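J.: Dumping the structure here so I can ask a few things about it.
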Amino acid sequence: MALPPEIPLRPATIAAQAAGATDQASGGVVPAIHMATTFARDENYAPLNPDNVYVRYHNENVRVAERLLSRLEQAAETLLFPSGMAAVAAVFRTVPSGGSVVVQSQIYWGTTDWIRTFCARRDIALHEVEASDLDALSAVCQAHHPALVWVETPSNPWLRITDISGAAGIAHGVGAQLVVDSTAASPALSQPLLHGADIVMHSATKGINGHSDVLAGSLSVSDAESSVWQMIRTDRDTAGAVMGSMEAWLLTRGMRTLPLRMREMSRNAMALAQYLSDHPQIENVLYPGLPDHPGHAIAARQMSGGFGGLLSFVVTGGSAAALRAAGRLQLFHRATSLGGVESLVEHRYTIESHTGIPEGLLRVSVGIEDADDLIADLGQALGQ
């Protein structure tokens, strides 16, 4: 049975109950996996179940995950995609050729790289700006009147914080849609739609799934009847950017512990950030939970329950020292991605040296291990 949306349940309850999804046929408390790709019709060729015709449009496991994510985001509707980048692409394909977009600078490099290529191919004017500076964001929006403003908060790997309500006011003032990549926060910590965003995007591969075993993306909207959302929904269904049943089922399973995982990751990340802030081998710690972080006050206002598990810090001695420390770590896996239950470390300069990343920057995705164990591992790796 579905949990009535009017019941004022808290996120942990909604998640644990999978928004009320069960297996109605068997009585199981876990939703069933529906693997069919096509569905039968009766002798008059009417669908036996009017909700199910073909899996590209109708997938019960996808619907279950979408309903749950909508409740967590407090969204009118959610659409799932087979990857975060597929979700990004679906948004930008709504911008007409010859149009204009404003995109936050120094966000996840994969997003920036794809957007630049796409805009060049479609003759779309791309304007990149540091969106955490609202004056700069306002100036570029007033000058170019974009169709779309794209921000990422907290940003990856710089952990910059953009004021969502302020950015929404600026975007809406020039007739633009505000889209927020909230991957690093997840809906357990932030709901950008409540702060004025039109669409919130996630690489659901990360914290939403949380187990490093599902590739997924999502878009959630405040107005499901908007023309932009109608274009996104039609494009996803007809172009086939859909998620498989097994992946959607796993995503639902992951979301059932999302608030618990994000709470523990945030607590661990804060402990590590405080430890590293006093470490003699560390030049700078980038984490919005620290009081001296330039975006701390804004993050505290638009995030609840913690500041996330993404943390970056700069090791004294540049690339060689950072690589040496990363190589000594025993609990942190040397791997890309973020948001999983296991802690990861990545030397960003090795991957994107052309973007201005400090040579000594290490980005860590803090998992749910014991914080003291993670601190001890960092201590031995840094040489203390």
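The values are calculated or read from the model by the stated rules, or taken from the named source; none is laboratory data. Not measured: the values here are computed from a predicted model. Quick reminder, even Gly has a Cβ in these numbers, built from the backbone with ideal geometry, and neighbours come from all protein chains shown. All accessible areas refer to the heavy atoms of the entire protein, side chains included, with ligands and DNA or RNA removed. Shrake-Rupley method; radii C 1.70, N 1.55, O 1.52, S 1.80 Å.
J.: Can you tell me, using C-alpha contacts under 8 Å and at least 6 residues apart, the relative contact order of segment 130-276 as a whole percent?
T.: 17
J.: With every protein chain present, what accessible area does residue 195 have (1.4 Å probe, heavy atoms only), rounded to the nearest 10 Å²?
T.: Approximately 60 Å² for this residue.
J.: Do the sum for the chain: with -39,500 (n - 2.57) for every DSSP H run of n ≥ 4, divided by all residues, what is the mean residue ellipticity at 222 nm, to the nearest 500 deg cm²/dmol?
T.: The helix contribution divided over the chain gives -11500 deg cm²/dmol.
J.: Right, here's the next one. Taking Cα atoms of segment 33-150, Rg/Rh with Kirkwood Rh, to two decimals?
T.: Across segment 33-150, the Cα-based Rg/Rh ratio is 1.13.
J.: Could you please put 62, 242 in sequence from largest to smallest accessible area, using a 1.4 Å probe?
T.: The residues order as 242, 62, largest area first.
J.: Using a 1.4 Å probe and counting only protein heavy atoms, arrange 83, 220 so the residue with the most accessible area comes first.
T.: In descending accessible area the options line up as 83, 220.
J.: Sticking with this one: Grab every C-alpha pair in segment 63-121, bin the distances at 5 angstrom width from 0 up to the longest one, and report whole percents.
T.: 4, 15, 22, 20, 16, 14, 8, 1
J.: Would you mind working out the accessible area per residue for segment 33-76, using a 1.4 Å probe, and quoting it in Å²?
T.: For segment 33-76, the per-residue accessible area is 60 Å².
J.: May I have the extent of the alpha carbons of segment 312-384 along their three principal axes, as whole Å values ordered from largest to smallest?
T.: If we take the Cα atoms of segment 312-384, the spans are 35, 27, 15 Å.
J.: While we're looking at this one, here's another question. If you take all C-alpha pairs in the chain, what percent of them are over 37 Å apart?
T.: Tail of the P(r) past 37 Å holds 22 percent of the pairs.
J.: Treating the Cα atoms of segment 1-101 as identical point scatterers in vacuum, please give the log10 of the normalised Debye intensity I(q)/I(0) at q = 0.17 Å⁻¹, two decimals.
T.: -0.95
J.: How about segment 1-110: which GluC sites (Glu not before Pro) there lie in a loop by DSSP and see at most 15 other Cβ atoms within 10 Å?
T.: 6, 43
J.: Probe 1.4 Å, all protein chains in place: accessible area of residue 123 in Å², nearest 10?
T.: For residue 123, solvent-accessible area is about 110 Å².
J.: A further question follows. If eta is 1.567 mPa s and T is 4 °C, what Stokes-Einstein diffusion coefficient results for segment 246-384, Kirkwood Rh from Cα pairs, in µm²/s?
T.: The diffusion coefficient I find is 84 µm²/s.
J.: In terms of solvent-accessible area of protein heavy atoms at a 1.4 angstrom probe, what is the ranking of 293, 172, 145, highest value first?
T.: Final ranking, largest accessible area leading: 145, 172, 293.
J.: Need the C-alpha centroid separation for segment 48-116 versus segment 128-194, integer Å.
T.: The distance from the Cα centre of segment 48-116 to that of segment 128-194 comes to 18 Å.
J.: Can you list residues whose amide H is under 5 Å from residue 103's amide H, if they're 5+ apart or on another chain and H is modeled 1.01 Å from N?
T.: 127, 128, 129, 150
J.: Over all directions, what mean area does the Cα convex hull of segment 100-182 project, stated in square nanometres?
T.: Averaged projected area of segment 100-182's Cα convex hull equals 4.6 nm².
J.: Further question: Give me the dipole magnitude in Debye, nearest 20, for the chain about the Cα centre, with unit charges on the beta carbon: positive for Lys and Arg, negative for Asp and Glu.
T.: That gives the chain a dipole magnitude of about 280 debye.
J.: Run the dipole for segment 332-384 about the Cα centre, Lys and Arg Cβ at +1, Asp and Glu Cβ at -1, nothing else charged, and hand back the magnitude in debye, nearest 20.
T.: That gives a dipole near 280 debye.
J.: Net charge near residue 346, counting Lys/Arg +1 and Asp/Glu -1 over other residues with Cβ under 12 Å of its Cβ?
T.: Taking every Cβ under 12 Å from that of residue 346, the sum is +2.
J.: Report the convex hull volume per residue for segment 151-262, counting only C-alpha atoms, in Å³.
T.: Once divided by residue count, the hull of segment 151-262 is 113 Å³.
J.: Would you mind telling me the share, in percent, of accessible area of the chain contributed by carbon and sulfur at probe 1.4 angstrom?
T.: That fraction is 54 percent.
J.: Quick one: accessible area per residue over segment 240-384, 1.4 Å probe, rounded to a whole number of Å²?
T.: 41
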